[in-house]
Structure formats: C-alpha cells, structure tokens
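The values are calculated or read from the model by the stated rules, or taken from the named source; none is laboratory data. A quick note: this is a predicted structure, and the numbers were derived from the prediction, not measured. Heads up, the Cβs are rebuilt from the backbone with ideal geometry, glycines too, and the neighbour counts pull from every protein chain shown. With ligands, DNA and RNA removed, areas are computed over all heavy atoms of the protein, side chains included. Shrake-Rupley method; radii C 1.70, N 1.55, O 1.52, S 1.80 Å.
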Amino acid sequence: MANGTAVLADKSFYEEGTTKAKSGIAAWIFSTDHKRIGLLYLFAIVTFFIVGVIIAELIRLELIAPGETIVDAETYNRLFTLHGVIMIFLFIIPGIPAIFGNFFLPIQIGAKDVAFPRLNLLSWWLYMTGAALALTSLFLPGGPADTGWTFYIPYSVRTGTNVTIALFAAFILGFSSILTGLNFVTTVHRLRAPGMTWFKMPLNIWALYATAWIQVIATPIIGITLLLIIVERTFGVGIFDPTLGGDPVLYQHLFWIYSHPAVYVMILPAMGVVSEIIATFSRRTVFGYKMVAFSSLTIAFVGYLVWAHHMFTSGLSETAAVLFSLLTFVVAIPSAIKVFNWIATMYKGSIDPRTPFKWVMVFIFLFSIGGLTGLVLGSLATDVHLHDTYFVVAHFHFVMFGGAGTIFIAAMHYWFPKMFGRMYNEKIADLGVYMFLVSFLTLYFPMFLLGYNGQPRRYFDYLPQFQTLHVISTIGAWMMLITLTLIIWNLINALRKGEKAPANPWGGVTLEWQTSSPPPLENFEEIPEITGEAYDFSKLKGTEYGLK
Amino acid sequence: MVSNNSSHTTHRHRDDVGAKLGMWLFLFTELLLFGGMFLAYAVYRMKYPQQFHLSAMEMNTTIGTINTIILLTSSLTMVLSIAAIQKKNKFLSIIFLVSTLILGVLFLINKYFEWGHEISKGIYPGSEVLLSKDNGEILYFGLYYAMTGLHGLHVIIGMIVLLFMLVFIINDNIKWDDYVKLENSGLYWHLVDIIWIFLFPLFYLIQ
Ligand code: HEM
Ligand SMILES: [Cu+2]
C-alpha cells in the first residue's frame, strides 16, 4: 500500500493532545501519548548526549600533552566517571528503545498506544528524576563521583565523593528501564493488530521485544547491587567491603551479570533498526527473516552467560575463565548471522543509497571492527595483556558509539520525516555521514595502537612516547564535535524550514509508512488489517519508487 | 470538550489479561531483586559456615515463627477478599482487606521489637559489639538487616497499595466485574509473603 491508497488524517498528534491542556508544556509532560513521550525522551536524551560529548572534549584536551594540562588527576577521575555514567545510563541504554521504541513500536504493530500508557509516562518521570539526581551530585559538597562508571568495590565505599547519589540515580534509571521493558513485552503480546502474527512483525519489533526482556530480567540485579553499596556506605553494613569480610569479586560478578546484558540493550534495538533500513532501501524482503528474528532472542539469551569475560584478571579459576571465553566466542555467532543476512538482503536488491542507508553502511563497518576486537579481548592470552588499556576504550567506543550510536543517528534520519512531518537537507546529511566516518577513525583508531603499546585507561598522564597518537586522537575529537554540530544543526534547521514530508518518503512497507506524517493521535484512521508478510515490496510495484 | 472526552475514553481500553501479564513480569523483577541478595547469602554462607551457624543461634525463632504465621494468614485473608468481591459481597471484601492490613501492621510491630532486641544487645551495623566479632558474623548480620529491611520495606509498600485498593472498593472503582487491580495487589502481597517464607528458614531455622 503506497501513500496513494492510504487514508490520511487531517489532524496530527501535535494538534490533538491526551491532556486537558492542549498547548504549553503541560500538554507534553503529562501526556500519555506514546509519541509525545518518545519525543520527550528525545529531547532529554539528546541534551544529555551533548553534555557527555562536551565532557569528553575536556578529557581529550587534557590528554593532548603528558602531565597536567587543564585539570588535575582528581578532576580527571571525576570527568571520565561523569562521561561514562551519562553516556551509558542516560544516553545509550535508554536511547533507541525509549525514543524510537516508544514512538514506533505501537505504530509498527498497528496499535493505538502501548499497553500501559500511564506507566509509560511514569517511566519518563523516573528517567528525569534519575537524571536530575545525577546532576545534583555535581553541585553538592563532595563533588561528582570519581569511581568510574563501574563503581568497583572497595574504592566506591571509601571515596568521599557523592557516590551514594550517583548510585541512587542509576537505581532510579534502572527502575525506569524495567518499567519500559515490561510495558513493551505486554504491548507486543496483547496489542498486535488483527492479522499481525508473530512472523509478520517487522524485525524492529523482534529486536525491541528481545531487548525488553533483557531489561526486565537483567536490570533488577544491578538495582539490588547498587542498593547494597548504598546501604553499605550509609549504614556501615558489611556486605562487599573486604575489611568486614566481604568479597569485592562478588560485587564484580553481580555488576557484570547486568552490565554485560546491558550491552545488548544498547545494540539489539540498533540491529532492529538496521534490518528496517536495509529492507526499505534495498526494496527486498529481509533474507532469512526468521533467522534474524531468532538471532535477537539468541543474543538475549547467550548474552546472559558471558559476564565474567570482564573479570579474566580478577582471579577467576582457570576452568571458569576458559568457559567464559568460549561462551564469549559463541555469542558472536548470532551477531554474525545478522550481518550475513543483511548482506544477502542487499544482494540483487535495487539499492537506493539515501542518508539512512549510508549510516547503516558506516555501522556495519565500525561495528565489525568493534566486534572483532571484542574477540581479541575475549581470548584469555591477549586479554591479560590488553585488559584496562586504551585497546578496551577503543573497542567499546567502536561498539557503542560506532555501533549503537551510529544507528541512533541513522534512526533519527530514517524516521525524522515521520516524526516531524518535514524533510531535511539530504546533501548536508550525507556530508555528515562522511565526516563522521573520518572523524570517528581519527578519534578512536589511534586508541587501539595506544592500548596495544601499553597505555592504561583512566589515566590523566602518560609517557612521552605516546603523545603523537594522543594528539591525533584529540584532533579527531575536535572533528567529531564539528561533525555532530553539523548533523544536529541540519536537523534543527529542517524542523524550522524543511519541506513538508509525504506519508511515505522512502518507499517503506511497514505500517508506520501507511499513516500520515506526522501520525494522528491514535496512529491510524482505522486499525489496519495485516494480510501479507512484513517486507512485501510487491505492494510498491508501479508506483513512484522505481520498481518494475 | 465533549469530543475531547470521547477520544479519551476510546484511548483507555480495558485488558485484564494484559494487566495481569504486566504484573507477573513485575513480580519476576522483584524475585530477581531479592535473588541478588540470596546469591550473596549463599556465597557468604559457603565461605563462613561456622560463623553463620553461631550468629543464627542468636536469632529469636519464636518471633520469626509468629511472623510467619501472621503473613501466611494475611495471604489467606487477601484471597478471601478477592473471592468476596467476585461474589458481589462488597462488605465482606472490605472486612477481609482490612484484616490483611491489620496483620501487616502486626508483622511490622513484631519486626520492630525483634530489631530492637538485637540493637539493645549492641548488634547493629557499625556498632562496636558487631565490629569486634568475626568477619562471617558481621556479614551475617549485615545481610540480616539488609534483607529483612528490604522485605519490611516491601510490606510497607504492599500495605500502601492495599490502602488504595480499600478506597477503590469503597467508592466502587473496584467491582464484582472489574477487580483486576485487587487481584494484582493480591499477587504482590503473596510475593511479599513468599519472600518471607525463604528468609525465615535462612536466618532463623538453619542453624
Ligand atoms: C565525542 C565523543 C567521545 C569522545 C571524544 C570520547 C572519549 C573518551 C575517552 C578519551 C575515554 C577514556 C577516558 C580514560 O579512560 O581515561 C572515554 C571513556 C568512556 N566513554 Fe567516551 N567518548 C565519546 C563518546 C562516547 C559515547 C557516545 C559513549 C557511549 C555510548 C561513550 C562511553 C564511554 C564510556 C562508558 C567510557 C568509560 C568511562 C570509565 O572509564 O568509567 N563515549 N571516552
Ligand atoms: Cu561483556
């Protein structure tokens, strides 16, 4: 069904609210409409991302020369902690599910809203509360935490900085994440439109569904772990502190039992978006649809069994280490299944390389480097050498920023016309893609070399022989800043001056392209009835999308 | 105004199965929350079997047993309250719900005396008496306070939820043909009960 046959609504959700207040801020912050909540998240998350980037620029500036350059060691510790906490808990974990999941999950399954709209609003409020708490920790006496985002024991019970507030903030953010996950699982089970059977769902839904399960199952573990440190710090209860008999390694286990699966909370939704974009711009059904769907579930499951690969140097038994190393290799299989199926999808497709598609290409390239260097770290012999060096810093930026972060931007460009009803300047957007690739490699590739040569992470100082690579990396950081500014400016500009977007600008066939841009309050004029599979591009034949 | 309202009501559809599915998922997360602590308990018990044995001897099994009976009974009254509303007996439902609440209060009073007793012996986090003990004992009492404390907090939250349900029954927001809220609150209350069923043997019985 191309836009010719779709019945288009005359009023979008921007004109009709769910609250009594039709305009002003109350119409937003008390709205239970999943689309408005998605946009609330968008606004908040992008703001925190910018803060995280600015802090990262300070970190890179400090590292432009050995010795103290702009901040002392103490401040440096706080800066990378803050950068890590913001990027992990406020940006990349909620990122795609909270914004694009909220906006598009109900639409893609043909529902009017999520299963629990008010709970959804509560999740946003919890998110904002957690974020506000994290920010207050900056200004209270004691200052921001300096433990690193991992809050390792025993330092985290000893330090005088505001670790307790930061932990509590992370706890609340976790709660928000759990409620979103619970909401999405229930929505997928209960609210699919008539005819939308499991294997007719878009792959984005499968990915969000698997992610939601991880959020529900893994997050409580970090919740209780952080809570226990709070109790330990505030009341002096002995739990992890070794002077009271506690076991710091137990803390590490509990921490990573959540935090490794959290890596999949970051990457799985991104993979879902990739499947959508590749299908749309190749005009082909996704090759091996079922395999791609099941690989999401497999990743979610096996991702549970690999956590101790973060602890190879923490004194694991040899058996445990070998086992966890093996399982880490196993988890690469479902990811590889996805990559090969994506490539098979493009093969003989009629590829239309628009901006979102270009972002996906960048993703596949960067994510592959991130994934393969992950295997280097997953091997015992090499990890002992590379553990806690810049090799790790490079690896996780390739996965999180080059992987999930890139797709965050891709999703922004893919769905922007639908969310805001406007088109952006594609030439500038394409320029953003190229500049991103170049800046990214300049910024992070030297870090692999630094780490390989022995530069440890979390240090404000380094040996003089490392300076050249550090300077290159810092220049990369400046280029990245310019690139991100250009990308954001281009989109903001489009909001103000962009051309009106049609209902289906790319020739997509999933449900969101069958309603108007932006969608009406209840998403569809009539609840759609689904008959064919998710990516049936024969519907587009004979239309303006260039299919024969 | 009218058109605004109508779009409002079509929006909020009713789905009891969905509501229960959501609740079960939530209970699952609660189990995992406590699961993390049970894991810590298991690890430390393996590490310090002797000291855990010694510390458990200090516990007052009688108070623990009474509290177990109280919570089990409160689960029964909870179920009866739901059964009553299904049979359209609003009055009886209220009576049973209030009984559940009273039993919850009794549980907390008992807990107060129990903690008070330990504290009067000088055993509380950071106290000199406790710090002079062995590491295993410090951990035992650390876990004891953390786990029963978090459980107590859940009892309080459960009671607040039940108070809301009471109001809902009174003003007919919960009725014989629409009681999924009450059922879900009941599920939560049973969860609190079940967790106690595990805490009780771990701290009071296994010696
Ligand atoms: C302009 C972009 C960015 C720059 C220049 C940058 C730079 C850095 C640097 C140099 C470090 C290492 C600090 C050290 O170990 O001494 C670091 C750490 C980190 N970065 Fe980034 N980063 C950027 C974006 C991101 C993004 C998008 C994410 C996540 C999605 C992220 C997540 C992290 C995390 C988790 C750490 C570890 C913090 C810790 O050690 O506790 N960064 N970043
Ligand atoms: Cu991991």
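Within the range B:133-164, can you find the residues that are small (Gly, Ala, Ser) and out of contact with any helix residue (DSSP H, G or I) (no Cβ under 6 Å at 6 or more places or on another chain)?
Within the range B:133-164, B:GLY142, B:GLY149 qualify.
When you check A:LEU297 against the structure, is it of a type outside the set (S, T, N, Q), touching a helix residue (DSSP H, G or I) at 6+ places or on another chain (Cβ under 8 Å) and within 16 Å of ligand 1 (Cβ to nearest atom), yes or no?
Considered against the rule, which asks whether it is of a type outside the set (S, T, N, Q), touching a helix residue (DSSP H, G or I) at 6+ places or on another chain (Cβ under 8 Å) and within 16 Å of ligand 1 (Cβ to nearest atom), A:LEU297 comes out as no.
Residue under question is A:THR81, and the condition is that it be at pLDDT below 95 and among the β-branched types (Val, Ile, Thr); does it hold?
In short, no.
Residues checked against (1) under 22 Å from the mean Cα position of the chain (by Cα); (2) modelled with pLDDT of 95 or more; (3) farther than 22 Å from A:ILE482 by Cα; (4) within 16 Å of ligand 2 (Cβ to nearest atom):
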position	(1), (2), (3), (4)
A:GLY371	yes, no, yes, yes
A:VAL384	no, no, yes, no
A:ALA394	yes, yes, no, yes
A:GLY402	yes, yes, no, no
A:TRP415	yes, yes, yes, no
A:GLY432	yes, yes, no, no
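Determine whether A:ILE277 is within 16 Å of ligand 1 (Cβ to nearest atom), part of a helix (DSSP H, G or I) and either closer than 24 Å to A:ILE109 by Cβ or of a type in the set (Ser, Thr, Tyr) (or both).
no
What are the residues in the range A:219-235 that are open to solvent by less than 30 Å² (accessible area, probe 1.4 Å) and under 20 Å from A:ASN162 (Cα atoms), if any?
Within the range A:219-235, A:ILE222, A:GLY223, A:ILE224, A:THR225, A:LEU226, A:LEU228, A:ILE229, A:ILE230, A:GLU232 meet the criteria.
With respect to A:PRO242, determine if the residue is within 12 Å of another protein chain (Cβ to nearest Cβ) and open to solvent by less than 10 Å² (accessible area, probe 1.4 Å).
Considered against the rule, which asks whether it is within 12 Å of another protein chain (Cβ to nearest Cβ) and open to solvent by less than 10 Å² (accessible area, probe 1.4 Å), A:PRO242 comes out as no.
Kindly check whether there is at least one residue in the range A:14-29 that is modelled with pLDDT under 95, on the phi > 0 side of the Ramachandran plot, out of contact with any Pro (no Cβ under 8 Å at 6 or more places or on another chain) and away from ligand 2 (no atom under 16 Å from the Cβ).
Scanning the range A:14-29, I find at least one residue that is modelled with pLDDT under 95, on the phi > 0 side of the Ramachandran plot, out of contact with any Pro (no Cβ under 8 Å at 6 or more places or on another chain) and away from ligand 2 (no atom under 16 Å from the Cβ), so the answer is yes.
Table: residues versus (1) of a type in the set (A, V, I, L, M, F, W, C); (2) outside any loop (DSSP other than H, G, I, E, B).
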position: A:ALA21; (1), (2): yes, no
position: A:GLY24; (1), (2): no, no
position: A:LEU40; (1), (2): yes, yes
position: A:ILE50; (1), (2): yes, yes
position: A:PHE91; (1), (2): yes, yes
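Of all the residues that make up the range A:388-417, how many are under 30 Å from A:LYS500 (Cα atoms) and open to solvent by less than 10 Å² (accessible area, probe 1.4 Å)?
Matching residues across the range A:388-417 total 11.
Kindly indicate the residue of the range A:300-311 that is open to solvent by less than 10 Å² (accessible area, probe 1.4 Å) and part of a helix (DSSP H, G or I) and also farthest from ligand 1 (Cβ to nearest atom) among those meeting that condition.
Among them, the one singled out is A:ALA308.
From the list B:VAL98, B:VAL167, pick out the single residue that is modelled with pLDDT of 95 or more and open to solvent by 70 Å² or more (accessible area, probe 1.4 Å).
B:VAL167
Name the single residue that is farthest from ligand 2 (Cβ to nearest atom) among those in the range A:66-91 being open to solvent by 30 Å² or more (accessible area, probe 1.4 Å) and among the aliphatic types (A, V, I, L, M).
Of everything passing the filter in the range A:66-91, A:ILE70 is farthest from ligand 2 (Cβ to nearest atom).
Taking A:PRO356 as the residue in question, decide whether it is buried (at least 24 other Cβ atoms within 10 Å of the Cβ), in contact with a His (Cβ under 6 Å, 6 or more places away or on another chain) and within 25 Å of A:ALA503 (Cα to Cα).
Yes: the conditions hold for A:PRO356.
Based on this model, can you work out whether A:VAL331 counts as without any contact (Cβ under 8 Å) to a residue 60 or more places away in the chain, within 16 Å of ligand 2 (Cβ to nearest atom) and open to solvent by 10 Å² or more (accessible area, probe 1.4 Å)?
Here the answer is yes, as A:VAL331 does meet what is asked.
When both residues are 6+ apart or on different chains and their Cβ atoms are under 9 Å apart, which pairs have a first residue that lies in the range B:69-98 and is closer than 12 Å to B:TRP176 by Cα, and a second that is surrounded by 16 or more Cβ atoms within 10 Å (Cβ to Cβ) and acidic (Asp, Glu)?
Qualifying pairs under 9 Å: B:ILE82/B:GLU183.
Mind listing whichever residues of the range A:166-210 are among the polar types (S, T, N, Q) and more than 14 Å from every other protein chain (Cβ to nearest Cβ)?
Matches in the range A:166-210: A:THR197, A:ASN204.
Taking A:PRO66 as meeting all but one of (1) within 18 Å of the chain's Cα centre (by Cα); (2) within 16 Å of ligand 1 (Cβ to nearest atom), write down the number of the exception.
(1)
Exactly one condition in (1) touching a His at 6+ places or on another chain (Cβ under 8 Å); (2) more than 10 Å from chain A (Cβ to nearest Cβ) is not met by B:LYS121; state its number.
Failing condition for B:LYS121: (1).
Scan the range B:41-58 for residues that are hydrophobic (A, V, I, L, M, F, W, C), open to solvent by 60 Å² or more (accessible area, probe 1.4 Å) and within 11 Å of another protein chain (Cβ to nearest Cβ) and report the count.
Qualifying residue count, the range B:41-58: 1.
Might you let me know whether the range A:199-207 holds any residue that is open to solvent by less than 30 Å² (accessible area, probe 1.4 Å) and farther than 25 Å from A:TYR264 by Cα?
Scanning the range A:199-207 turns up no residue that is open to solvent by less than 30 Å² (accessible area, probe 1.4 Å) and farther than 25 Å from A:TYR264 by Cα.
If you go through the range A:473-504 one residue at a time, how many are over 17 Å from A:PHE436 (Cβ atoms) and open to solvent by 20 Å² or more (accessible area, probe 1.4 Å)? Talk me through it step by step, then tell me what you get.
Looking only at the range A:473-504, we keep the residues that are over 17 Å from A:PHE436 (Cβ atoms), and these are A:474, A:492-504.
Adding the requirement that they be open to solvent by 20 Å² or more (accessible area, probe 1.4 Å) leaves A:492-493, A:495-497, A:499-500, A:502.
The qualifying residues number 8.
Can you tell which of A:VAL306, A:VAL286 is touching a residue at least 12 places away in the same chain (Cβ under 8 Å), of a type in the set (Val, Ile, Thr), more than 14 Å from chain B (Cβ to nearest Cβ) and within 16 Å of ligand 2 (Cβ to nearest atom)?
Of the residues listed, the single one that is touching a residue at least 12 places away in the same chain (Cβ under 8 Å), of a type in the set (Val, Ile, Thr), more than 14 Å from chain B (Cβ to nearest Cβ) and within 16 Å of ligand 2 (Cβ to nearest atom) is A:VAL306.
Identify the residue in the range B:6-29 that is facing another protein chain (nearest Cβ under 10 Å) and open to solvent by 60 Å² or more (accessible area, probe 1.4 Å) and, among all such residues, is modelled with the lowest pLDDT.
Residue satisfying both the conditions and the ranking: B:HIS8.
One line per residue, one yes/no per condition, for (1) more than 17 Å from B:LEU39 (Cα to Cα); (2) more than 14 Å from chain A (Cβ to nearest Cβ); (3) acidic (Asp, Glu):
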site: B:THR148; (1), (2), (3): no, no, no
site: B:LEU153; (1), (2), (3): yes, no, no
site: B:VAL161; (1), (2), (3): yes, yes, no
site: B:ASP172; (1), (2), (3): yes, yes, yes
site: B:ASP178; (1), (2), (3): yes, yes, yes
site: B:TRP189; (1), (2), (3): yes, yes, no
site: B:ILE195; (1), (2), (3): no, no, no
site: B:PHE203; (1), (2), (3): no, yes, no
site: B:ILE206; (1), (2), (3): no, yes, no
